[in-house]
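Everything on this sheet refers to the single structure shown next.
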Amino acid sequence: MLPPEKLLDMYYKMVLIRAFEDKVHELFAQGKIPGFVHLYAGEEAVAVGVISNLKKGDYITSTHRGHGHCIAMGVDIKGMMAELFGRKTGTCKGKGGSMHIADFEVGMLGANGIVGAGGPLAVGAALALKYKGTDNVVVCFAGDGAQNQGAILESLNLAAIWKLPVIFVVEDNQYAISLRSLTPSKLQPRTSTARSVAERAVGFGIPSVTVDGQDVLAVYEAAKAAVERARRGEGPSLLDCKTYRYYGHFEGDPMVYRSVEEIEEWRKRDPILLFKQRLIRDGIATEELLEDIRRRAVKEVEDAVEFAERSPYPEPSEAYTDVFTDPYY
Ligand SMILES: Cc1ncc(C[n+]2csc(CCOP(=O)(O)OP(=O)(O)O)c2C)c(N)n1
Ligand SMILES: [Mg+2]
């Protein structure tokens, strides 16, 4: 059993992610956030359950849906919000936006607009850690759609051959944009004949497990075993987490490919609701305490919005600094 402080910290991180995403959804609709935004609401148990096993010196690689990973790693939400607003005070000085938030200080190697691109980054970082002889690990978050990208398949292969300390976390939120890519179906499979990613990992010689991605403690326990294995130098593992995103693929998605009933069905097993019920049932917290925690998270997000709105835009003269471009090209 985890200590109460740890459990409550996990709860806090989950509600902070939810509050952040709900607020961004609202702000985007008001036209305050430029660029593309993909929200993580509904998937909080995956990021928090996995990342709660990490320690200083560990790394993660992320996806285009990276806010939850950032918050669970401890990236400052004021900087994140300012980044979304394109302001100078943003995590990446307002030049990256939602899909490129990176904060090396806390081991967050970057969200990524290229589906599957986190795989090679994770393998490279893990090779460096192994070379240095540390017991640190790398978590590679990637979606169900990303599992058919060559970059991910090659990363699985290399990590297995070189016995690298990588934990591949599949966030199977049922959809790759509008396509149900991996859900077992009587219809002709559209993208893979494997019944699950977990099953396919066996072909790479990588131990894998399918996890209830709505249950943060189930994710925590599965990730714990995988992280310990990696720390012992026994190589990579794969966790196939079944989860769901509440908002569209991107903000503005008309969502014609799924029904309101389907979303409502998943909301009955909301990861925050399930964890809340568990904490109350086990006498770890009262309803009031959990409500206080939620209010604290909402207030923090409001402060972050105020900070972002008050912040200046980057100077035009800085257009070519901190970016990989050749102004003379
Ligand atoms: C290499 C590449 N191909 C295609 C795209 C367009 N694209 C963006 S997100 C996405 C689907 C990703 O699905 P999944 O991996 O399941 O992640 P989810 O959005 O469900 O979290 C696609 C095809 C891209 N960004 N990069
Ligand atoms: Mg998906």
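What the table below lists for this structure:
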{"quantity": "Checklist (1) within 16 Å of ligand 2 (Cβ to nearest atom); (2) farther than 26 Å from residue 10 by Cα; (3) polar (S, T, N, Q) applied to residue 112, failing item", "calculated": "(2)"}
{"quantity": "Subset tally (residues that are over 19 Å from residue 213 (Cβ atoms), buried (at least 19 other Cβ atoms within 10 Å of the Cβ) and of a type in the set (Gly, Ala, Ser)) for the range 1-41", "calculated": "1"}
{"quantity": "Residue identified as more than 16 Å from ligand 2 (Cβ to nearest atom) and at pLDDT 95 or above among 117, 102", "calculated": "102"}
{"quantity": "Residue check, residue 230 surrounded by 24 or more Cβ atoms within 10 Å (Cβ to Cβ), of a type outside the set (S, T, N, Q) and away from ligand 1 (no atom under 16 Å from the Cβ)", "calculated": "yes"}
{"quantity": "Complete set of residues in the range 1-52 that are over 21 Å from residue 299 (Cβ atoms) and among the β-branched types (Val, Ile, Thr)", "calculated": "37, 46, 50, 51"}
{"quantity": "Conditions (1) buried (at least 19 other Cβ atoms within 10 Å of the Cβ); (2) farther than 22 Å from residue 127 by Cβ; (3) hydroxyl-bearing (Ser, Thr, Tyr); number of the one not met by residue 210", "calculated": "(1)"}
{"quantity": "Among residues of the range 171-182, those that are surrounded by 20 or more Cβ atoms within 10 Å (Cβ to Cβ) and more than 9 Å from ligand 1 (Cβ to nearest atom), counted", "calculated": "0"}
{"quantity": "Lone qualifier among 218, 225 - being more than 19 Å from residue 26 (Cα to Cα), of a type outside the set (Val, Ile, Thr), free of Cβ contacts under 8 Å to residues at least 24 places away in the same chain and in a helix (DSSP H, G or I)", "calculated": "225"}
{"quantity": "Selection count, the range 126-170, where residues are within 16 Å of ligand 1 (Cβ to nearest atom) and aromatic (Phe, Trp, Tyr)", "calculated": "2"}
{"quantity": "Selection count, the range 116-125, where residues are free of Cβ contacts under 8 Å to residues at least 60 places away in the same chain and within 22 Å of residue 219 (Cβ to Cβ)", "calculated": "3"}
{"quantity": "Any hit, the range 279-290, residues being within 25 Å of residue 211 (Cβ to Cβ) and exposed (fewer than 11 other Cβ atoms within 10 Å of the Cβ)", "calculated": "yes"}
{"quantity": "Top-ranked residue in the range 152-187 [being within 16 Å of ligand 2 (Cβ to nearest atom), modelled with pLDDT of 95 or more and among the hydrophobic types (A, V, I, L, M, F, W, C); ranked as farthest from residue 49 (Cα to Cα)]", "calculated": "152"}
{"quantity": "Identity of the residue in the range 135-150, part of a helix (DSSP H, G or I) and either in contact (Cβ under 8 Å) with a residue 60 or more places away in the chain or surrounded by fewer than 18 Cβ atoms within 10 Å (Cβ to Cβ) (or both), that ends up nearest to ligand 2 (Cβ to nearest atom)", "calculated": "146"}
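The values are calculated or read from the model by the stated rules, or taken from the named source; none is laboratory data. None of the values given here were measured: they were computed from a predicted structure. Cβ coordinates were reconstructed from backbone atoms using ideal geometry, including for glycine residues, and neighbour counts include every protein chain displayed.
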